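The values are calculated or read from the model by the stated rules, or taken from the named source; none is laboratory data. This structure is a prediction, so every number in the text was calculated from the model and none was measured. Backbone-built Cβ (ideal geometry, glycine too); neighbour counts: all protein chains shown. Side chains included, ligands, DNA and RNA excluded: accessible areas come from the protein's heavy atoms. Shrake-Rupley method; radii C 1.70, N 1.55, O 1.52, S 1.80 Å.
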Amino acid sequence: IQPRFLQKIAGEINVGNTGKAFLIDSHGGIISHRSRSITIASRELSNHPAGQWIKETEGGEQGSRLAHYQGALVAFQKIPGTRWGVVVQKDESEVYQVRTRLIWIVSGSFILLLLLIFPLVLSFSLRITRPVSALLAAFKKLAVGELASESDLSAPGELGVLATAFSEMARERLRSEERYREIVNDTDNLITRLDEYGRFVFVNHVGAEIFGIKPDRLIGRQVFEFIHPDDRTQTIEWFAACVNNRIKQSTIENRQISISGDRTTHFLWTSRFLYDTSGNFRGANSIAHNITERKTIEKEKKNIETRLQQSQKMEAIGTLAGGIAHDFNNILTPIIGYSELVLMNTSLPESVAAPIRAIHKAGNRARELITQILTFSRQGEQERKPLRPHLVIKETLRFLRSSVPTTIEIRENIPKDCGMILGDPTNLQQIVMNLCTNAYHAMRESGGVLGVTLQKVDIPEGDIRADGQELTAGPYIKIEVSDTGCGMDRQTVEKIFEPYFTTKKTGEGTGLGLAIVHGIVKNHNGHIWVYSTPGQGTTFHVYLPRILTEPLAIERPGEEPLPTGNERLLVVDDEKGITGMLQSMLGRLGYQVTVCNEGERALRLFQNNQDAFDLIITDMTMPQLTGLDLINKVFEIRPAMPIILCTGFSELIDKEKAVVLGVREFLMKPVTLKGLAVAIRKALADG
């Protein structure tokens, strides 16, 4: 083979600007180069990868190789049918130049394509995203409770169908929610939602009226902040117990206060407690019903029941007192009468007269006690007339001064211009005497100040004293009796007007003093209040109606001799002790006395000889034929017959009824010698 031929073969291989092409033999020597021809084995490729490749294919193996060598890309191909190979070597920069150009061409084409397609894609995207965005905006309005317009929800194709369906669903939901809100806000009940910390999450419009603050300003505030201080601890404990015990629903009553503290409302709460799936407390929904009116009615009902019970107690004790008074007066009548008869004997030695006077004094004290009992039961005889209360009060205080120790100072403020009342002087004296006596007992160990004040007051319409239905609006006089003694607790104050209730030691009080005062005051259409604090004393306020009539002059006759006579008297009483005493008493006064212990026998005596008697004195309560029956039958026989009716106590008749019946005089037992003597002369004179 000629070198020129080999050079031609190598030269025909296109290796670019930096490439080299050459043939190698089986020993790795360069046979021919593109630029020149060389002899075989003129140069070996000992370090070149091609030298190794040709040796590996010496056995006739066909193959090709490709590798990087010193910044160049080397390719090897075995020439078929020979032991030679072709090696091409080219710088990598030139090799990759084509690839880089291709990449630029492809990239440019892609970018150009994108620039051409982007407007189309954008237009298509906007056609899709604009309706979706509009729908999302409309849905947001629906979510916050704003109804979107039809244009907001319009969309093409399937989106339009979806939007219309969702719109109808959302509108129905909003309409339902609106109806729910109307119901919640139209109710008179307080509706709340609390979070797990007891803070308001929702409050309907009633909260603004109850708490005096807008509902939105209540959000986040503690519900316990608006509970009345007296109910707060109990409510917190109830709330905690419900949560700790996983109670689902419970009720409680308490009072709510406004934020200013000037208004209190009673509520009945029904609360439903909410928990998550793990049992953790998550809040509570509550409905509170306003029960303020019901509580007011219940309180008034309780007050009425208390007053009714008190009235029933007074009525019961009054009935008992009447029975006691009747029997006791029958016992006292001969005691007082006989002692008076004995004391009429002026020749009695002092050693005899002194005990008799003591008996007479004790009898009169017992008589006063019976009078108090009857006054307490409102069944005693009372003579009311206009009087100036300051005169009676001053006289009572003068009487008290001698019995009150010097360690107790009496301070009085009793002006003369306090007006007048229509009442009984004895009753008024009992009021002052009992109140002052109680005050004295409260201070007798430590001393103090006893204050008595009299003033006139005018109670206007709407005053709390009138609103409480204890008094009617109008003019009153107020008697105030106060002390600086030991005072009373609330439980004691509630019982002091009960009959026989006393805080004094055994034997020191009857327990009737304040009950009598209460009866007198009520009987005069007045009212009594008591204010007391343990350790700080007690004050009584007595209100009695004031009148404008001038008081009648009170005659105070001096000691005059007893009136006497010689008329024929018929005395009727079922108690022999009384008839015997009256026979002796009236005989001493000069009268001719016939006694009977049975009403029927007395009637027969009168029927047999109606002109045999000038006057009849009869008891009221007698077996078989009562005094009232006897009087009626006597009047059938002799209508103008003078009659004196005596009674220890009777619910059937009093002085006014007796006068209407035609009775000349009405006497309450025990009768005194003077009272009986005066009544006889008056009854006979009227005839």
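So here's what we get for this one:
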read-out: Neighbour net charge for residue 607 - beta-carbon separation under 15 angstrom, K R +1, D E -1; value: -1
read-out: Under 5 Å, built H, 5+ apart or other chain: amide partners of residue 254; value: 267, 269
read-out: Inter-probe distance in nm under a simple model that places probes 7 Å from Cα toward Cβ, at residue 52 and residue 343; value: 16.3
read-out: Binned Cα-Cα distance frequencies in region 203-341 - 5 Å width, integer %; value: 2, 8, 12, 14, 12, 9, 6, 5, 4, 4, 4, 4, 4, 4, 3, 3, 2, 1, 0, 0, 0
read-out: Probe 1.4 Å, accessible area per residue of region 193-290, Å²; value: 54
read-out: Protein-only accessible surface order, largest first, of 20, 576 at 1.4 Å; value: 576, 20
read-out: Built amide H within the under 5 Å cut-off of residue 31, gap 5+; value: 23, 24, 25
read-out: Length gained when the stretch residue 533-residue 657 is fully extended (0.36 nm per residue, less Cα-Cα span); value: 40.0 nm
read-out: Among 390-396, 643-649, the order from most to least packed when residues are scored by Cβ within 10 Å on average; value: 643-649, 390-396
read-out: Computed label-point distance, nm, for sites residue 237 and residue 276 using a 7 Å Cα→Cβ extension; value: 3.1
read-out: Region 235-371 - percent of accessible surface contributed by carbon and sulfur, probe 1.4 Å; value: 57
read-out: Probe 1.4 Å, accessible area per residue of region 581-687, Å²; value: 45
read-out: FRET efficiency for residue 407 and residue 522, using Cβ-Cβ distance with R0 set to 51 Å, rounded to 0.05; value: 0.90
read-out: Part-to-part distance (alpha-carbon centres) for region 276-293 and region 420-490, which is given in Å; value: 51
read-out: Table column - 3J(HN,Hα) (Hz), region 340-349, Karplus curve with 6.51, -1.76, 1.60, x for Gly and Pro; value: 5, 4, 5, 5, 6, 7, 6, 8, 5, x
read-out: Using a Förster distance of 35 Å, the FRET efficiency for residue 605-residue 354 (Cβ separation, nearest 0.05); value: 0.25
read-out: Exceeding the 30 Å Cα-Cα cut-off - candidates 214/301; 576/655; 385/495; 385/682; 456/669; value: 214/301; 385/495; 456/669
